[in-house]
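Chemist: I'd like to ask some things about the structure below.
Taken together, the values in this text are just the output of simple stated rules run on the coordinates, not laboratory data. Worth saying up front: this structure is predicted, and the values here are computed from it rather than measured. Heads up, the Cβs are rebuilt from the backbone with ideal geometry, glycines too, and the neighbour counts pull from every protein chain shown.
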Amino acid sequence: MFLPENWPSYFSRAKGVEVWDLDENRYIDMSINGVGSCILGVGDPDVDAAVREAITAGTMSTLNSPEEPELADLLCELHPGRRW
């Protein structure tokens, strides 16, 4: 995005705000942390553990998960003027 002559760029791993290229050069992501906002950075242990737990519990169903209304309530609280 910021260096079109070097696009596409590839990474071998990422953790927090750090990212390593395929040659293991380490960089600090000081722009938008990937393709969008990522407040906690990449590979946050608490987020990773929660994702693993959710995957283990099953990720597909015709039923709704209890987190859906919780998320909806949180979004309405964070954006009270927004009409969902």
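Chemist: Which of the peptides 59-67, 14-22 is most tightly packed, and how do the rest follow, going by the mean number of other Cβ atoms within 10 Å of each residue?
Modeler: On the way: 59-67: 7.7, 14-22: 14.2.
Per-residue Cβ counts within 10 Å, averaged per peptide and sorted highest first, yield 14-22, 59-67.
Chemist: Between Ser9 and Asp46, 0.36 nm times their residue separation minus their Cα-Cα distance comes to what?
Modeler: Working: separation 37, 0.36 × 37 = 13.32 nm, distance 2.79 nm.
Gain on stretching Ser9 to Asp46: 10.5 nm.
Chemist: Another question, then. Given contacts defined as C-alpha pairs under 8 Å and at least six residues apart, what's the relative contact order of the stretch 4-78, whole-number percent? List each step's numbers first, then the result.
Modeler: Details: 47 pairs, mean separation 14.3, N = 75.
Value for the stretch 4-78: 19 percent.
Chemist: Suppose R0 equals 30 Å. What FRET efficiency, 1/(1 + (r/R0)^6) with r the Cβ-Cβ distance, do Asp21 and Leu74 give to the nearest 0.05? The partial results should precede the final answer.
Modeler: Values: r = 36 Å, r/R0 = 1.20.
E between Asp21 and Leu74, to the nearest 0.05, is 0.25.
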